[in-house]
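Below you'll find the structure, written out as structure tokens, and then a few comments.
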């Protein structure tokens, strides 16, 4: 299964996780794992997702998440997991 | 499973340390486009390139988006035109027509450079190759995206000094033909010793005759990432230094390998090689010079510079070789002056000279790269500098190159401005003593004794 990674970085505020999760649910993207930390008041979240059955193309999801990030005041990135696997694993 | 720290590290490299894939270069063989009729040849070339490369830029941009990694350049290299045009071209003007068609094809598919307006004359020149070389000043002044390279020597063949003498004059004429843009034409013209067939980087990329019909080669970058890693280990010994560079190079190369494989799969074109070269850009922090200075040099060019560069170059290769089974091209550290703000500062402060740069090229690819010299420099002096650099490559069995820009109308103390990735360059002082009699001898310098390893 090809998995995807969503990262959300920004100033902490109410509703970031809710906003992202609602968007993912609406587009049939399944969340497999969530980890989250706050560093120096900055909200840092990573989600491992399965977007294989998503109702939209990967590139559309990526663009829409970026736009959603702007609305929520944070930076949201959708990336294929392979980039991290290839750089961080032998 | 991937954890948040690993994800953060990778994304920080991309966002803050200028990690990118410098180029996806599609190599295209034009051998079966050859015809003795020039118009047929031009048609064949245009159709071949615009068919094979039609999805190159789009695919590059998709990969960029899906992995969120910048793929800065999408480029094409073709079979050396000195071979492709040999049957059809009867004059240098005929070759210029090929250059114009290549430029048109490059614009049609949206690549920013197309390399391969080249002649391979390490030992001798065919009539066609001589005509191609003579057409270079006009070809580079009339086109926008064409890059030209000429192979002048190799460890196996020695140095073709007739071609070296000719190229001194051609570089000078190219500078004059593009004088209104600070002799920009010379930034797209490079000469080689031991030219690699699979180099993805411009201006020296061409699709060698040993290659298949089409191939994807990728050049990675990442001086900023290595610099950041070294910032954390100030004062530590050389083992720690070497290990840190190696580990970082591994990660950078894996990224290149991933992008190369993806591009290859999506375009249905075989993957060739990953070129491990660390390629600087004018962006602040994306500098080879900064790495050398972080190792402990006050300024690049200070005593110790060559040793520092040797260590950097070797560890980049060691990390890279572990990361990809198919490493090729130039694979070293580029030390262009104009594209690296740290190098420019070193020149301006008087620390770095052409002579020191020459010493540095003994242990790293690719040679005297993007060095602006006074426009009044004579053709024979340019040939002399080329001959020295070719000799270093020939004797050390490595690739060396020269990309000199005699900036017409400018002298030491002035600055040439090229813009974009090519940046700006201070005019460097050149030794004023003549080598005219040496260059005008003609003939070949024989291959060195270790060229005969059979």
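The alpha-carbon positions of the stretch B:22-193 define a convex hull whose volume is 118 Å³ per residue.
Shape analysis of chain B places it in the oblate category; the axes a ≥ b ≥ c from the Cα gyration tensor give an a/c of at least 1.5, with a/b not above b/c.
Label reach from residue A:75 (point 7 Å along Cα→C-beta): in the stretch B:1-36, amide nitrogens under 18 Å belong to B:4-21. Computed over chain B, the per-residue total of -39500 (n - 2.57) for DSSP H runs of n ≥ 4 gives a 222 nm mean residue ellipticity of -14000 deg cm²/dmol, rounded to 500.
The rule of thumb for compact globular proteins, 2.2 N^0.38 Å, goes into the C-alpha radius of gyration of the stretch B:344-383 1.27 times. Evaluated over the Cα positions of the protein assembly as shown, the convex hull gives a direction-averaged projected area, one quarter of its surface, of 26.1 nm². Peptide packing: for B:104-117, B:334-347, B:122-135, the average count of neighbouring Cβ atoms within 10 Å per residue gives the ranking B:334-347, B:104-117, B:122-135, highest mean first.
Note on the stretch B:351-443: Rg/Rh from Cα positions, Kirkwood definition for Rh, rounded to two decimals, is 0.97. Per-residue mean of foreign Cβ neighbours for B:343-354 is 0 (Cβ atoms of other chains, 10 Å radius).
Considering only beta bridges that DSSP places wholly inside the protein assembly as shown, some 55 percent are antiparallel. Averaged over the residues of peptide B:2-14, the number of Cβ atoms from other protein chains lying within 10 Å of each residue's Cβ is 6. Taking the stretch B:198-228 and a reference point 7 angstrom along Cα→Cβ of residue B:156, the backbone N atoms nearer than 18 Å belong to B:198-199, B:206-212. Extent along the principal axes, Cα only, for the stretch B:240-354: 50, 30, 22 Å, with the longest axis given first. Using all pairs of distinct alpha-carbon atoms, the Kirkwood hydrodynamic radius of the stretch B:143-249 works out to 17.3 angstrom. The protection proxy used here, the mean number of other Cβ atoms lying within 10 Å of each residue, ranks peptides B:30-37, B:155-162 as follows, highest first: B:155-162, B:30-37. Principal axis extents of the C-alpha atoms in the stretch B:114-202 (largest first, rounded to whole Å): 40, 27, 20.
Multiplying the sequence separation of residue B:1 and residue B:51 by 0.36 nm and subtracting their Cα-Cα distance, what value in nm do you get?
Fully extending the segment from residue B:1 to residue B:51 adds 13.9 nm.
Based on Cα contacts under 8 Å between residues 6+ apart, chain B shows a relative contact order of 18 percent.
Across peptide B:59-68, the mean count of Cβ atoms from other chains lying within 10 Å of each residue's own Cβ comes to 4.
Available extension along the chain between residue B:108 and residue B:321 is 73.1 nm, counting 0.36 nm per residue and deducting the alpha carbon span. Once you order the gyration tensor axes a ≥ b ≥ c over the Cα atoms, which shape class does the stretch A:4-88 get: rounded for a/c under 1.5, otherwise prolate or oblate by comparing a/b with b/c? Because a/c hits 1.5 or more and a/b fails to exceed b/c, the stretch A:4-88 counts as oblate.
Taking a quarter of the surface of the convex hull around the Cα atoms of the stretch B:1-99, what do you get in nm²?
Average projection, Cα convex hull of the stretch B:1-99: 8.6 nm².
Since every read-out is calculated from the coordinates, none of them should be taken as a lab result. Keep in mind that what you see is a predicted model, and the values were worked out from it rather than measured. Neighbour counts run over all protein chains shown; Cβ positions are idealised from the backbone, glycine included.
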